[in-house]
Amino acid sequence: MENFKRDFELILKSDFGREVGEASVKELYNAVSKAVMLDIYDDWRKSRESGERRCGYMSAEFLIGRMIYSNLLNLGVTDEVRKTLEEKGINIDIFEEVDDAALGNGGLGRLAACYLDSGATEGLNLDGYGLRYRYGLFKQSFKDGFQSEEGDCWLNWGDPWSIRKESETVKVSFADETVLAVPYDMPVIGYRNRKVNTLRLWQSEPEKPFDFGLFNDMQTDRLSVETYKAMNITNVLYPNDGKYEGKMLRLRQQYFLASATLQDILSKFKRTGRPLETLDEFICLQLNDTHPVVAIPELLRLLENEGLDFEKAFSVCRKVFNFTNHTIMSEALEKWEERAFRELLPSVWEEIVKLQVRIENEGLDRNKYFILRDGMIHMANLAIYVSSKVNGVAKIHTEILKENTFRDWYSLFPEKFVNITNGVTPRRWLMLNNPRLCGAVSERIGEGWKKDLRELSKLSGFASDPDFISVFREIRKENKERLAADIERSEEVFIPSDFIFDVQVKRLHEYKRQLLNAFSILYIYYELKEGRLPEFKPTAFIFGAKAAPGYYNAKAVIKFINEIAKLVNGDSDTNDRLKVVFVQNYNVSYAEKIVCAADVSEQISMAGMEASGTGNMKLMMNGTVTLGTMDGANVEICEEAGKENNYIFGASVEEVSRVKQCYNPRALYDNNPKLKRVVDTLVNGTFNDNGSGMLSNLYNSLVTYNNPDCYLVLYDFESYVEEKLKLNREYGSDAFWTKSIMNMAGSGKFSSDRSVREYSELIWNLD
């Protein structure tokens, strides 16, 4: 970085015609970023051209967040850049204004980003392949408590961390059109090791950017339609698939990613002159859930076009591909109508038929082993059949896959199934967002934990130390003050920093049970209002989540929580002890502020539904206790930090299975007046849903509809409230802070560095 100051000033002049003192935040951001890009150029090129075997991580999303601070941290130049800017009268904190890159949504995308960070940090040749969405998922706001969506125009800030590699453009053909796939390469920088891998994102563009003939004939409507259709493929993450047109757009996206990536890989491989049968010696591919699984029949097609027969092509695919399952929810076990493939991807459809025939020719029971059945293509089955390895993402999740979800496939291919528990990068989720706590930890146990998070276990020796508890509490209070200021500014809700900060921040889905949390808050509110909780310690319940645009019940839960917030925050009888806020447009940058300020991490999914979870790991890493069920990674969190140091409630996986055989939520509702009281607020006029019917639909889903309360919200309510109140009683004691510190001390296992090392050893076989 010896030339940083010079490069920074030159870029401002050459790109923007500005001196430092004249530049806007956007111009400063782009100039600083591009100056850093110049510094890493040689290292990046060396990594790309090494010729060593690599792994490609294929994912529909990479939730990378804001890149500037994390890249400076990993390069070890934050202080140098800060000093340079301060000399010019600029505070580095101005880059907090920069929008996050809108390239992902929830845990799936954030995990992919963490794995790329850890891959580079561990010195592994791990690259990402995804899509360059112009508008991401959406930018969320609330209007009268309802979620409102608009395009997330993150590219308005520029994209200085990407390089457009136009010379490596490929064509992707569908039955009705051919489009260009233009690659944008983003560096993935290892932590202080000068290792730079690549995240390659594909952007769709029309084959003919401007058709002069159509223009000259004044067919401008046709011209604009064709351009829009091509570009639409990478406009939005997860288009609404409530209509057939939306489903087809999703399929276009998935195939576009698969075909562009594989064409690119094969082009590079052919330049080596090696036989196609040895492709696995050049690269392996990790399929992140079922979204990229169409890559399997596409590679079969491409290899056959290169001259391999089907069986040889199949053998190559089985050695190249590996598959990660992230949840047993139906959206992660994609099924496609056969007609969609026949209409849009006929040549790929033919390869899927060949795979089905191959299964039948092996003499396998077609009732158990199939890719095609009842007019549907089962993508998870396709992935398992062809892939070399299949992994779950937590111990309990992998056992569920083996014993239930994929039981038949496991009995056929037991050697394929492995577990690799998820992890998160401690660079972004501890070092970057909680620097003062990092300093306090290093003073006591040294710096070794920064490269090996397992060394945080040494912190257990200070868990009961009064001096460290005092420092820990002081830092937590500072973080809470900073978050409270942000919430007051953006949400117009004042939260005193001496409140308990109880957070549930994650994707909005019914199985994650934000609704259960909402009911417990109403219960506490009524108890406070009527004087039955005199010792209740003041608490702020903080939510953050986006609901998919077509997910009606998820949007209803958001409306319900916002109505509760309006009631609670506006009641002078209780608002000195109870606050509720649902933050708008929850994203990575918001999460960075929340996870270091939280006192309580709500991980309350119905047992057996959350495959792993990563939000719980981020919070644990910052010394937050978990209030949760024995689900997903919570099981392993309790193993590492001690069940006694967390707050566990609710039905176990085994109990859920037993209860569901004869579950009657109506009886629970009728026989528990306090439960009935909070549930009835959905329909008794306490809250107004503007005639949408949203709240009554939630009510019916719990007590009226066929298979009511399928996520056992009512069943777990009583034990949940009991444990929540126990936590409240214990908060603030030295024993509580000891529990918090023990969680931080036990978080070493949940580093994504450990996860990618296991992937490398058990699946990828990277040197």
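The values are calculated or read from the model by the stated rules, or taken from the named source; none is laboratory data. Please read all numbers here as calculations on a predicted model, not as lab measurements. Heads up, the Cβs are rebuilt from the backbone with ideal geometry, glycines too, and the neighbour counts pull from every protein chain shown.
List of remarks:
- Taking the criterion of being closer than 20 Å to L257 by Cα, part of a loop (DSSP other than H, G, I, E, B) and charged (D, E, K, R), the residues of the range 120-139 that qualify are R132, R134.
- One residue stands out among those in the range 59-95 that are over 27 Å from D753 (Cβ atoms) and hydrophobic (A, V, I, L, M, F, W, C): the one that is surrounded by the fewest Cβ atoms within 10 Å (Cβ to Cβ), which is I94.
- Any chance N622 is buried (at least 24 other Cβ atoms within 10 Å of the Cβ), at pLDDT 95 or above and touching a Ser or Thr at 6+ places or on another chain (Cβ under 9 Å): yes
- Single residue of the range 361-379 satisfying the filter (surrounded by 14 or more Cβ atoms within 10 Å (Cβ to Cβ) and out of contact with any strand residue (DSSP E or B) (no Cβ under 8 Å at 6 or more places or on another chain)) that is nearest to H397 (Cα to Cα): Y369
- Residue count, the range 142-174 (criterion: among the acidic types (D, E) and more than 30 Å from N688 (Cα to Cα)): 3
- Single unsatisfied condition, V98 versus (1) surrounded by 18 or more Cβ atoms within 10 Å (Cβ to Cβ); (2) in contact with a strand residue (DSSP E or B) (Cβ under 6 Å, 6 or more places away or on another chain): (2)
- Checking V320, V357 one by one, the residue that is of a type in the set (V, I, T), farther than 30 Å from K512 by Cβ and out of contact with any Leu (no Cβ under 7 Å at 6 or more places or on another chain) is V357 and no other.
- Residue count for the range 484-516 satisfying the condition of being part of a loop (DSSP other than H, G, I, E, B), buried (at least 16 other Cβ atoms within 10 Å of the Cβ) and without any contact (Cβ under 8 Å) to a residue 60 or more places away in the chain: 2.
- Condition check for E481: free of Cβ contacts under 8 Å to residues at least 60 places away in the same chain, under 30 Å from G123 (Cα atoms) and either out of contact with any Gly (no Cβ under 8 Å at 6 or more places or on another chain) or outside the structural domain of I384 (by TED's automatic domain parsing) (or both): no
- Residue ID - surrounded by the fewest Cβ atoms within 10 Å (Cβ to Cβ), chosen from residues in the range 250-275 that are free of Cβ contacts under 8 Å to residues at least 40 places away in the same chain and in a helix (DSSP H, G or I): K270
- Total residues in the range 562-580, condition under 18 Å from L515 (Cα atoms) and not in a strand (DSSP E or B): 7
- The range 629-685, residues that are closer than 15 Å to A607 by Cα, part of a helix (DSSP H, G or I) and of a type in the set (G, A, S): S657
- Only helices (runs of 4 or more DSSP H) whose full extent lies in the range 390-476 are considered here, and the ones with at least 3 residues that are more than 23 Å from T624 (Cα to Cα) are 395-400, 407-412.
- Among the residues of the range 140-153, those identified as surrounded by fewer than 21 Cβ atoms within 10 Å (Cβ to Cβ) and outside any strand (DSSP E or B) are D144, G145, G151, C153.
- Any chance S464 is more than 29 Å from Y759 (Cα to Cα), hydroxyl-bearing (S, T, Y) and in contact with a Ser or Thr (Cβ under 7 Å, 6 or more places away or on another chain): yes
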